[in-house]
Amino acid sequence: MAVAAVPRWTTAQRAVVQPPIRVRCAHSGNAHRKAKPMPTSSNAARAPASDAELEIRQPTGETIRRTLDGTRFSIGRSDSAQIQLDHPTVSRLHAELYRDPFGRWWIRDLASRYGTEVDRRKVAEQLLTGAERIHLGEIELRLIEGSRVRDTGSYGDQPTIAIRDIAESQVRTLQDTRAPRIASEHLSELIRLGTDLSATAGPDARRRLLCEHVTTRLFHGSAALVLRIMLERPDDPPRELCKVLSQGAREGSLNPAYVSRTLLRKVCEIRGPALASNAPVAPVDAQLSLPRAMLELAAVACPLCESRGALDLLYLVLPPEFGTSEWLALASFAAEQYRQAETTWRLQERLREHEAIENDLERAREIQGRLLPREIAVPGIDLAIGFEPCRWVGGDYVDVIALDDGRRLLVIADVSGKGLPAAITTGNLHAIVHAYAAGEFSLPSMVQNINVYLENHLLEDSFVTMLCVALNPLSGEFECVVAGHPPPLRVDSSGDVQAVDVVVHIPLGVEEMLVRSSRGRLEPGQWLVLHTDGVTDVCSEDGERLDDDGLIAMVRSLFGEIRDGDAEEVARRLNQRLDEYQGRAMPVDDRTFVVLRRHTS
């Protein structure tokens, strides 16, 4: 029987190698995703971009940041690691940082010598919220996600804040001034600010609360603003997120919303608080970039949060006599209280999100488990199913259905993608196949109608590979339809393994097609092995894929050892071989197969 000149489609895309991040440390001594295939394009595709960053702190204290443009990163000293850390306390392949289908980041230890610690506790694998300190030996890592500033907005045609740029002026930071002396009443007020911020829901309400605290009579602020600056365009007018004026400012003629460009530039440059004044008030010798025609005043700017190319900062306007290191420190402490509260609220939000995801996943796993066939006993056939889901609910569907004419319908399918969308599609497939199996049908027409349904209902970048076998247990005769799926393997009594000669169609849900079936016969004592490409896509620790030839060699070796074993033993040993081949590598796809043998008598 001739095989159609159509390539077998794989639902797993090959990961594009990301350029490694090399970090030289001073010391004393792949992403797979599935996508709808196009005949003229390669199956390789870059992993979706991420707005997360990894902060790497060396033992010397030097810190660098790298954008995590991808979904999976190996970390270690080896040249093969995507993130290379040149330090003796880091193993060649120390850990793996990866993002799950729900956007959550995880850290996984790769049996390293010194272990992987999260907040100084050794872990094998842990979900990250973004607040943890990760230690690989003496190297500290911190995940910084881009959700801290959710609405960067746009400035529009008119500036929100008046801004002036005149001669270069001197701006001071905490390092430039004498040690500040803070009164106890100010510290008590700052503690109360932190408590109030932690109890206030809503980012807008927390910004206003911060501004109100620093414009009280105790802090002497005449005006407080929260501004947003685009770091790539620091000279553009900043966007006003909040503004609070003190009672005195409302009654007077001072326009407090006159922002110094020079001060903003300094804060963007050092990512820290800074102070300036347009009045020569000792001991701070700084000139604020404001017109001399305005009233004399001082201003403090303190960063609040940074993400997605935007910096939010507190801008506090003060009478000139308060342009001192003490008021710079007070504003800085107030900003720190705000940052701590935002971190707490963000962690609470992420924990709620994680909890909701886990609850949904648990229900989805339960539902998916119910789709597995419960009664697989077939007279004259020894049969077993291997199903190893990849951590999360996925897109593999396997079934064994008794037909009215005495045949058994074996179905194994793989939906492109992972997560809940793929799981929903497997549920739909289960319902459609069982509806057809309940009545009279032909195998090609069933698959053809499923293809029409998927064409109309699948997402644009999705598809399904499917293998259907209708087997007569008594005669061994079978009818087979293959749509973009690996063909079944036949193992004869001598242990020789060959792919069954079948017509191979393109995957379902791509385009209209005329479906044809292939026919064959399973002799007494022969085996059939049906599998998804999650089996042949198993990768070793070195990233080498098992592929079709590797699976055939593995099956041939397995049957050479346990020629007289039953199906349950074959399934168990095959899973064991696949686990050994994978080693410490992370599973990247569901692993599903069916093994069956026709009895000899």
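Looking only at region 397-407, decide whether some residue is at pLDDT below 90, open to solvent by less than 20 Å² (accessible area, probe 1.4 Å) and among the hydrophobic types (A, V, I, L, M, F, W, C).
Scanning region 397-407, I find no residue that is at pLDDT below 90, open to solvent by less than 20 Å² (accessible area, probe 1.4 Å) and among the hydrophobic types (A, V, I, L, M, F, W, C), so the answer is no.
Looking at ASN428, is it open to solvent by 40 Å² or more (accessible area, probe 1.4 Å), under 35 Å from the mean Cα position of the chain (by Cα), modelled with pLDDT of 80 or more and not basic (Lys, Arg)? Explain how you work it out, then say what you get.
Numbers: open to solvent by 40 Å² or more (accessible area, probe 1.4 Å): yes; under 35 Å from the mean Cα position of the chain (by Cα): yes; modelled with pLDDT of 80 or more: yes; not basic (Lys, Arg): yes.
So ASN428 fits the description; yes.
From (1) outside any helix (DSSP H, G or I); (2) of a type in the set (Val, Ile, Thr); (3) open to solvent by 10 Å² or more (accessible area, probe 1.4 Å), pick out the condition that doesn't hold for VAL594.
It is condition (3) that VAL594 fails.
Take region 336-378 and flag every residue that is among the small types (Gly, Ala, Ser) and either at pLDDT 80 or above or surrounded by 16 or more Cβ atoms within 10 Å (Cβ to Cβ) (or both).
Those that are among the small types (Gly, Ala, Ser) and either at pLDDT 80 or above or surrounded by 16 or more Cβ atoms within 10 Å (Cβ to Cβ) (or both): ALA341, ALA364.
Here are the criteria: (1) open to solvent by less than 10 Å² (accessible area, probe 1.4 Å); (2) closer than 23 Å to ARG598 by Cα; (3) in contact with a Phe, Trp or Tyr (Cβ under 8 Å, 6 or more places away or on another chain). Tell me which single one LEU467 does not satisfy.
Every listed condition holds for LEU467 apart from (3).
Taking the conditions exactly as written (open to solvent by less than 60 Å² (accessible area, probe 1.4 Å), of a type in the set (Val, Ile, Thr) and outside any loop (DSSP other than H, G, I, E, B)), does VAL570 satisfy them or not?
Taking the combined requirement at face value, the residue satisfies it.
Return the residues of region 442-459 that are within 22 Å of LEU371 (Cα to Cα), among the hydrophobic types (A, V, I, L, M, F, W, C) and open to solvent by 30 Å² or more (accessible area, probe 1.4 Å); say none if nothing qualifies.
Passing the criteria: only LEU458.
Could you run through region 561-588 and say how many residues are aliphatic (A, V, I, L, M) and closer than 22 Å to PHE73 by Cβ? Before you say what the answer is, go through the steps one by one.
Step one: of region 561-588, the residues aliphatic (A, V, I, L, M) are 562, 567, 570-571, 574, 578, 585-586, 588.
Keeping just the survivors that are closer than 22 Å to PHE73 by Cβ gives 585-586, 588.
The qualifying residues number 3.
Of everything in region 60-77 that's of a type outside the set (Val, Ile, Thr) and modelled with pLDDT of 90 or more, which residue is surrounded by the most Cβ atoms within 10 Å (Cβ to Cβ)?
Here the answer is SER74.
Can you tell me which of (1) at pLDDT below 85; (2) assigned to a helix (DSSP H, G or I); (3) of a type outside the set (D, E, K, R) is the one ASN451 doesn't meet?
(1)
Which numbered condition in (1) at pLDDT below 90; (2) crowded, with 19+ Cβ neighbours inside 10 Å; (3) over 20 Å from ASP399 (Cα atoms) is the only one that LEU546 fails?
So the condition that LEU546 fails would be (1).
So LEU54 clears everything in (1) modelled with pLDDT of 90 or more; (2) under 29 Å from LEU351 (Cα atoms); (3) in a loop (DSSP other than H, G, I, E, B) except one condition, right? Which one?
(3)
Collect the residues in region 379-396 that are part of a loop (DSSP other than H, G, I, E, B) and either of a type in the set (Ser, Thr, Tyr) or crowded, with 18+ Cβ neighbours inside 10 Å (or both), keeping them in residue-number order.
PRO389, CYS390, TRP392, VAL393, GLY394, GLY395
Go through (1) in contact with a Leu (Cβ under 9 Å, 6 or more places away or on another chain); (2) open to solvent by 30 Å² or more (accessible area, probe 1.4 Å); (3) closer than 22 Å to VAL411 by Cβ and name the single condition LEU514 misses.
The one condition LEU514 does not meet is (1).
Identify, by number, the condition in (1) modelled with pLDDT of 90 or more; (2) touching a Leu at 6+ places or on another chain (Cβ under 9 Å); (3) surrounded by 15 or more Cβ atoms within 10 Å (Cβ to Cβ) that GLU138 doesn't meet.
(2)
The values are calculated or read from the model by the stated rules, or taken from the named source; none is laboratory data. Quantities reported herein were computed from a predicted structural model and do not represent experimental measurements. Cβ coordinates were reconstructed from backbone atoms using ideal geometry, including for glycine residues, and neighbour counts include every protein chain displayed. In case anyone asks, the SASA skips ligands and DNA or RNA and just uses the protein heavy atoms, side chains included. Shrake-Rupley method; radii C 1.70, N 1.55, O 1.52, S 1.80 Å.
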